[in-house]
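Engineer: Please find one structure pasted underneath; my questions will follow.
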Amino acid sequence: MSCRAVLPDVERFRAAIIAQIGLQFDDAKLGFLGEVLQRRLDRLGRSADVYLRDLEHQPSNREITALAQELTVGETYFFRNSDQFRALAEIVLPGRMRARQAPKVLRLLSAGCASGEEAYSMAIVVRETILDPACEVRIQAVDLNPAALEKAVRARYSSWALRDTPPDFQRKWFCVNGREMILDESVRTAVHFSNGNLASDDPDLWQPAAFDAIFCRNVLMYFAPEQMRAVIARIARSLAPGGYLFLGHAETLRGVSDAFHLCHTHETFYYSVKDGIELTSRSPVQFVPTSAANGTLVMPLGEAWVDTIRQATERVAALVPAAEAANPPTFPPAPPWDMAPALDLLRKERFAEALDHVRAGAPAAEKDADVLLLEAALLAHSGQLVAAEDVCLRLLLIDELNAGAHYVLALCREHSGQRDRAGEHDRVAAYLDPAFAMPRLHLGLLARRAGDRNAARRELTQALTLLKCEEASRLLLFGGGFSREALMALCESALRDCGARP
């Protein structure tokens, strides 16, 4: 008879799951993990120490799949996030057919396919899109849960699983059998399902340049950071040059990989792998935490955000003594370069002096994304939007998934009268960093000025929620000199103007 699992055993169990399967569970799930561990001990009749030692060092495939059944939930449905399948049909498949010369063989992968709805949706899109008989498309689908794979192979689904499937597709590719919807045989046989562990570097699965497109949606969000980076590295390696990666709507590669270009079409985001680049990892841009300015101005509702920033600059400049302005402090450069003095000057809204410090003290600034972002923000604060745009574009050549750069570009586009492009950069910034309040605020104000009250209410409500938890350092960098309270008051005022109750 096995011993009862205790907390140290559960902690070891959690660490082993991360190492062997990639899944990460927070402290709130320790009770659940303890129950799973105890069931495995009871089922196998082993002690916790022996079981965990085997799991940590040499687990059997049988035990890994058994744990997958306990730990994974694969609820999904056909054509989930349908905009991504439109991009597959209209951008990805035609582009990859052009890229593949003779023979025209395309390979697609559904990684973490669960019960098969995603892979079969891909197959339907292929059947609807590719009419050239000379083009062969092979679809592979992989999951760790054998029960989910068994359901996928049966290809029998409830009507609920087809809730987002276009009616004409339902009529064409499914037949009704009682309460079940049975998938057409030609679609079913187009997908090859296999058991596989995404956390394992399987050479048969992750062959170099093998796939034209990979769907790995709503999988990585459950992985530990180190396992997530490892999986993305394998995906980058196994995509053909210019191949595409689709993630879930709540997942981004920001801070994970710089081996991909971000694509935005069909009102959805996805990625294309860069040509001839080694995968590297970047950490999210971080700045020294500091308190935001205590300004209390609220932006007039009809006024552009960049104009408000410029007025804030003029307001503070008028308060700076002339002698201090004529004799700005100097900061000798010191390796490694310290951002703190520039950030302190930014907090005091002394933008010109902060810019002087950045330019004088950072000889490697041309290749440092953090320094370039600080310079772009300072230029935007001081009203030099053309120069700020140039710095942002140089920054994006280094780190094109930089949410802050896209936000500053949005301000630059608005300043030049390109409101549609401003909104595009705001949406990219909000996608790359869903916790970033400022692009939501800017989108809401743009929508309000365009007369789209519904969009304005949606974005401003989200901005108001995010501002409550926004990092003080990011408010300092992007908040236009306004405090958290002032920005929240702006949101509330704009929401009232749009007929909402904040």
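Engineer: Every residue in region 230-246 that is at pLDDT 95 or above and more than 21 Å from D204 (Cβ to Cβ), please.
Structural biologist: Those that are at pLDDT 95 or above and more than 21 Å from D204 (Cβ to Cβ): Y244, F246.
Engineer: Test of understanding: among L106, L131, which residue is without any contact (Cβ under 8 Å) to a residue 24 or more places away in the chain and closer than 22 Å to D184 by Cβ?
Structural biologist: That would be L131, the only listed residue that is without any contact (Cβ under 8 Å) to a residue 24 or more places away in the chain and closer than 22 Å to D184 by Cβ.
Engineer: So R171 ticks every box in (1) free of Cβ contacts under 8 Å to residues at least 12 places away in the same chain; (2) in contact with a helix residue (DSSP H, G or I) (Cβ under 8 Å, 6 or more places away or on another chain) but one. Which box is left unticked?
Structural biologist: For R171, the failing item is (2).
Engineer: Of the residues that sit in region 473-502 and are within 22 Å of A388 (Cα to Cα) and in a helix (DSSP H, G or I), which one is farthest from the chain's Cα centre (by Cα)?
Structural biologist: L476
Engineer: Tell me whether region 169-180 contains one or more residues that are assigned to a loop (DSSP other than H, G, I, E, B) and modelled with pLDDT under 95.
Structural biologist: Yes, region 169-180 contains at least one residue that is assigned to a loop (DSSP other than H, G, I, E, B) and modelled with pLDDT under 95.
Engineer: Quick one: which residue in R107, R53 is in the same structural domain as V231 (by TED's automatic domain parsing) and either hydroxyl-bearing (S, T, Y) or at pLDDT 90 or above (or both)?
Structural biologist: Every option except R107 fails the conditions.
Engineer: Where residues in region 48-104 are among the aromatic types (F, W, Y) and part of a helix (DSSP H, G or I), which of them is farthest from the chain's Cα centre (by Cα)?
Structural biologist: By that ranking, first place goes to Y51.
Engineer: Working carefully through the options D370, D399, find the one that is in the same structural domain as A472 (by TED's automatic domain parsing), within 21 Å of the chain's Cα centre (by Cα) and over 21 Å from H264 (Cβ atoms).
Structural biologist: The conditions single out D370.
Engineer: For region 34-52, how many residues are surrounded by 14 or more Cβ atoms within 10 Å (Cβ to Cβ) and out of contact with any helix residue (DSSP H, G or I) (no Cβ under 7 Å at 6 or more places or on another chain)?
Structural biologist: 3
Engineer: Next up: Would you confirm whether any residue within region 26-33 is in contact (Cβ under 8 Å) with a residue 24 or more places away in the chain, surrounded by fewer than 18 Cβ atoms within 10 Å (Cβ to Cβ) and not small (G, A, S)?
Structural biologist: no
Engineer: Would you check which residues across region 142-158 are surrounded by fewer than 21 Cβ atoms within 10 Å (Cβ to Cβ) and of a type in the set (S, T, Y) and list them?
Structural biologist: Listed by number, the list holds a single entry, S158.
Engineer: Still on this structure, I have one more. Could you say whether any residue in region 204-217 is within 26 Å of I18 (Cβ to Cβ), surrounded by 22 or more Cβ atoms within 10 Å (Cβ to Cβ), among the aliphatic types (A, V, I, L, M) and under 26 Å from the mean Cα position of the chain (by Cα)?
Structural biologist: yes
Engineer: Could you list, in sequence order, the residues of region 376-402 that are touching a Lys or Arg at 6+ places or on another chain (Cβ under 8 Å), surrounded by fewer than 24 Cβ atoms within 10 Å (Cβ to Cβ) and under 21 Å from T252 (Cβ atoms)?
Structural biologist: Result: I398, D399.
Engineer: Take region 406-431 and flag every residue that is outside any helix (DSSP H, G or I) and of a type outside the set (S, T, Y).
Structural biologist: G417, Q418
Engineer: Determine whether A161 is out of contact with any Leu (no Cβ under 8 Å at 6 or more places or on another chain), hydrophobic (A, V, I, L, M, F, W, C) and free of Cβ contacts under 8 Å to residues at least 60 places away in the same chain.
Structural biologist: So A161 fails the test.
Engineer: State all residues of region 344-368 that are assigned to a helix (DSSP H, G or I), at pLDDT 80 or above and surrounded by 20 or more Cβ atoms within 10 Å (Cβ to Cβ); if no residue qualifies, say none.
Structural biologist: Correct list: L345, L346, F351, E353, A354, L355, H357, V358.
Engineer: With the structure loaded, tell me whether D143 is outside the structural domain of E63 (by TED's automatic domain parsing), in contact with a helix residue (DSSP H, G or I) (Cβ under 6 Å, 6 or more places away or on another chain) and farther than 22 Å from E70 by Cα or whether it fails that test.
Structural biologist: no
Engineer: Is it the case that some residue within region 403-412 is over 17 Å from L475 (Cα atoms) and surrounded by fewer than 19 Cβ atoms within 10 Å (Cβ to Cβ)?
Structural biologist: Within region 403-412 (the criterion being over 17 Å from L475 (Cα atoms) and surrounded by fewer than 19 Cβ atoms within 10 Å (Cβ to Cβ)), the answer is no, since none of the residues qualifies.
Engineer: Residues to consider are E118, E63, E136; find the one that is modelled with pLDDT of 95 or more and not polar (S, T, N, Q).
Structural biologist: So the residue among E118, E63, E136 that is modelled with pLDDT of 95 or more and not polar (S, T, N, Q) is E118.
Engineer: Would you confirm, using the coordinates I've provided, whether D452 is among the acidic types (D, E) and either more than 20 Å from A494 (Cβ to Cβ) or under 21 Å from the mean Cα position of the chain (by Cα) (or both)?
Structural biologist: No; evaluated as a whole, the condition is false for this residue.
The values are calculated or read from the model by the stated rules, or taken from the named source; none is laboratory data. This structure is a prediction, so every number in the text was calculated from the model and none was measured. Heads up, the Cβs are rebuilt from the backbone with ideal geometry, glycines too, and the neighbour counts pull from every protein chain shown.
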